[in-house]
Amino acid sequence: MKKYFIILFALISIQSLANVVNSVEQARNLVNQSIKKYNLMYMPEGCYFTIDTETVETYEFDFYEIHDDKCGGDPMIAHRMFSYLVDKKTGQLYTSARLPHLTDWDMSYNPID
């Protein structure tokens, strides 16, 4: 009986670690998958950049427009399009992007899968 409890505990422990995000690269991959899934990026490749920030609990990615001859717009301005937070412990994503199901959008963070 003790053996079964040990196996059960090990399986539960492994499952709880399954969503842990261990690196900025892993977090960035999750964010990129989410952006593609929800078709959130309206700027062409090469016309946006990110600023990445890491805290004890999260990774944060801020997406900005590039304005130049190729992308258009005023080169003195870089509008923030949206941001993502990735919870390191759970892997939960949050975004400030405008999501279709939100009627009141104020660029605050909302959970996204």
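Net charge of the neighbourhood of Y48, taken over other residues with C-beta under 11 Å away and scored Lys/Arg +1, Asp/Glu -1, is -2. Please say if segment 71-113 is rounded, prolate or oblate, where rounded means a/c under 1.5 for a ≥ b ≥ c the square roots of the C-alpha gyration tensor eigenvalues, and otherwise the choice is prolate for a/b larger than b/c and oblate otherwise? Oblate shape, in that a/c is at least 1.5 and b/c is the bigger or equal ratio.
FYI, it's all coordinate maths here, none of it is from the lab. Values in this document were obtained by computation on a predicted structure and should not be read as measured data. Because the Cβ atoms are built from the backbone with ideal geometry, glycine has one as well, and the counts that use them run over all protein chains shown.
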